[in-house]
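To start, the structure under review is shown below, and the notes come after it.
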Ligand SMILES: Nc1ncnc2c1ncn2[C@@H]1O[C@H](COP(=O)(O)OP(=O)(O)O)[C@@H](O)[C@H]1O
Ligand SMILES: [Mg+2]
């Protein structure tokens, strides 16, 4: 009668889809869900990893339009509801039309199930499929699956009191008007257990919304959600056949800058033709195309601000995976390896090399991060290369201690600490144990002398210096950037139009700020660098040479006696134990 292997249906989602589910294609055919798009494989492989390991499934999917993400997600929900009794699944969607679309998909799955495996269904007037015995009399003896899948419009849906779900799918969440209110109310209704799933899925829709913030948090590793992105180019259907050889020539001879780049990434002329057609249909708005059909993750975020750092230059920089990852162990004053550590390293200290550490400080509470960027000075080839990045939440005193250990590790690096607000705490803590700091030297008009201030202060007059100098160094290829996180923050660092205010579209600018401080203070401190940018170089009154070590001015006042280099590790042990 039937040759469906029921045991396999329960264990094998791919087999289930191929034997039980039918989908309605874009050209309205109803076909078995057996040939998946590469995007669907990507999503499933990610889900399967957690599912097989017995971990709760928490995914955030950033996708181009019409790549089968809803279909795959709904199929997964349907499979679970169908094969595990007492499972409740909830899909929240952006508006009535999309709710109907998704509900129809689920109903279509049900109606096309092979008769042999069709569960009993109880009718419901809501957008809900209830797999339960419809007959009240026999229900207590033979209840059926007691599972349900419910599709609702976000914003209109009020979950019943005490509701609990095993699987929740938030569809096109970037388009919900009030996701920030709705989502946090639903999440606690999903227990933190194996087999449960929470899946956000959306096309990008600007950066001023819940989805964007969740995506960035997931990307930064600050959330339990795994980010999944795929470009439009992996969908085989997004391609148009060429009419003739002439058409190929014609397209190839008229490539614009974006197309040139896509071509270098290996796109076919057929794909470029499809792209041109799609952009035409969007009235030539290629920015809209990038948002809805991104080829890279960055492309899909439309920006309200004007980028500070040239996107063209940033695009050419290839981030590198760190060669070492670990943490700074304050008690034992050393770096310890850790796969999830906060310190990423691209270059270990080299003898004779000089380093600068830019420190962006924070209160260490709430969403506030601190960051340290280690730059190796590479003059005369360049100004500096990023060799390490530490990013985390820590109180200002502890940050001072971490900075000292990191600085000692990097050949007694120059510490350039931002002394605004909490930074003064960090600076003063570091000063108790260390000697080598950046000093801002300025001409005091009243005293008619050069005066020094320890640490970097960001204010209205020094912020442009930070930014302009970093832009100039980036443009002339003087600095090496390694961290993908830093690159992303730089990409999203913008000026609010018409103002002198800078903001981070990513929500965070700790990495960029620490980096800019490292760049600028290295530059100012490096006498050799002077002849490149003479017009911007401050005039330094140099102390007697005996007080100088390399190009570093040895400070006097704040060293508590003894070895001026502060390498009295034994004595300093005590402060480390708080
Ligand atoms: N593997 C597949 N093969 C053919 N068509 C598919 C496949 N997966 C989905 N589709 C069809 O593609 C269209 C878009 O799917 P959908 O899941 O709504 O995409 P998205 O949610 O990414 O916009 C639908 O008509 C769907 O039936
Ligand atoms: Mg969808």
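The values are calculated or read from the model by the stated rules, or taken from the named source; none is laboratory data. The structure presented is a predicted model; accordingly, all values stated were derived computationally and were not measured. Every residue, glycine among them, receives a Cβ derived from its backbone with ideal geometry; neighbour counts consider all protein chains shown.
Filtered by the rule that a residue be in a loop (DSSP other than H, G, I, E, B), more than 16 Å from ligand 2 (Cβ to nearest atom) and at pLDDT 90 or above, region 148-180 gives 163, 164, 165, 166. For region 183-200, does any single residue satisfy the condition of being within 16 Å of ligand 2 (Cβ to nearest atom) and in contact with a helix residue (DSSP H, G or I) (Cβ under 8 Å, 6 or more places away or on another chain)? Yes, region 183-200 contains at least one residue that is within 16 Å of ligand 2 (Cβ to nearest atom) and in contact with a helix residue (DSSP H, G or I) (Cβ under 8 Å, 6 or more places away or on another chain).
The set of residues in region 23-39 being away from ligand 2 (no atom under 16 Å from the Cβ) and in contact with a helix residue (DSSP H, G or I) (Cβ under 7 Å, 6 or more places away or on another chain) consists of 32, 34, 38.
For region 1-12, the set of residues classified as without any contact (Cβ under 8 Å) to a residue 12 or more places away in the chain and part of a helix (DSSP H, G or I) consists of 7, 8, 11, listed by residue number.
Of the strands (runs of 3 or more DSSP E) entirely within region 400-456, those holding at least 3 residues that are within 17 Å of residue 373 (Cβ to Cβ) and either assigned by TED's automatic domain parsing to the domain that holds residue 341 or under 28 Å from the mean Cα position of the chain (by Cα) (or both) occupy 414-417. Selection of region 13-23 for residues being part of a loop (DSSP other than H, G, I, E, B) and over 22 Å from residue 169 (Cα atoms) yields an empty set. The single condition from (1) surrounded by fewer than 22 Cβ atoms within 10 Å (Cβ to Cβ); (2) touching a residue at least 40 places away in the same chain (Cβ under 8 Å); (3) not in a strand (DSSP E or B) that residue 385 fails is (3). Restricting attention to region 83-105 and to residues that are surrounded by 18 or more Cβ atoms within 10 Å (Cβ to Cβ) and within 12 Å of ligand 1 (Cβ to nearest atom), the residue that is farthest from residue 117 (Cα to Cα) turns out to be 94. Whether any residue in region 295-308 is crowded, with 16+ Cβ neighbours inside 10 Å, in contact (Cβ under 8 Å) with a residue 60 or more places away in the chain and farther than 26 Å from residue 62 by Cα is what I want to check. No, that holds for no residue.
Of all residues in region 400-416, those satisfying the criterion of being touching a helix residue (DSSP H, G or I) at 6+ places or on another chain (Cβ under 6 Å) and either surrounded by fewer than 24 Cβ atoms within 10 Å (Cβ to Cβ) or under 13 Å from residue 433 (Cβ atoms) (or both) are 400, 403, 404, 415. Scanning region 248-266 for any residue that is closer than 18 Å to residue 297 by Cβ, part of a helix (DSSP H, G or I) and touching a strand residue (DSSP E or B) at 6+ places or on another chain (Cβ under 8 Å) turns up nothing.
Checked against (1) in contact (Cβ under 8 Å) with a residue 12 or more places away in the chain; (2) in a loop (DSSP other than H, G, I, E, B); (3) farther than 26 Å from residue 60 by Cα, residue 237 meets all criteria but (3).
With respect to the conditions (1) surrounded by 15 or more Cβ atoms within 10 Å (Cβ to Cβ); (2) closer than 12 Å to residue 238 by Cβ, residue 259 lacks only one, and its number is (2). Across region 24-73, which residue is nearest to ligand 1 (Cβ to nearest atom) among those that are outside any helix (DSSP H, G or I), within 16 Å of residue 201 (Cα to Cα) and touching a strand residue (DSSP E or B) at 6+ places or on another chain (Cβ under 9 Å)? In this case the residue turns out to be 68. Of all residues in region 193-221, none that is under 14 Å from residue 488 (Cα atoms) and part of a loop (DSSP other than H, G, I, E, B) has its Cβ atom under 9 Å from the Cβ atom of a residue that is at pLDDT 85 or above and within 16 Å of ligand 2 (Cβ to nearest atom), 6 or more apart or on another chain. Each residue in region 206-242 was checked for being more than 28 Å from residue 36 (Cα to Cα) and at pLDDT 90 or above, and 2 pass. Give the residues of region 74-93 that are in a helix (DSSP H, G or I) and away from ligand 2 (no atom under 11 Å from the Cβ), sorted by residue number. If the condition is that a residue be in a helix (DSSP H, G or I) and away from ligand 2 (no atom under 11 Å from the Cβ), then 75, 76, 77, 78, 79, 80, 81, 82, 83 are the ones that fit. A search for C-beta distances below 6 Å between a residue of region 13-25 that is at pLDDT 95 or above and any residue that is within 12 Å of ligand 1 (Cβ to nearest atom) and part of a helix (DSSP H, G or I), counting only pairs 6+ apart in sequence or on different chains, returns 17/75; 21/75; 21/109; 23/71.
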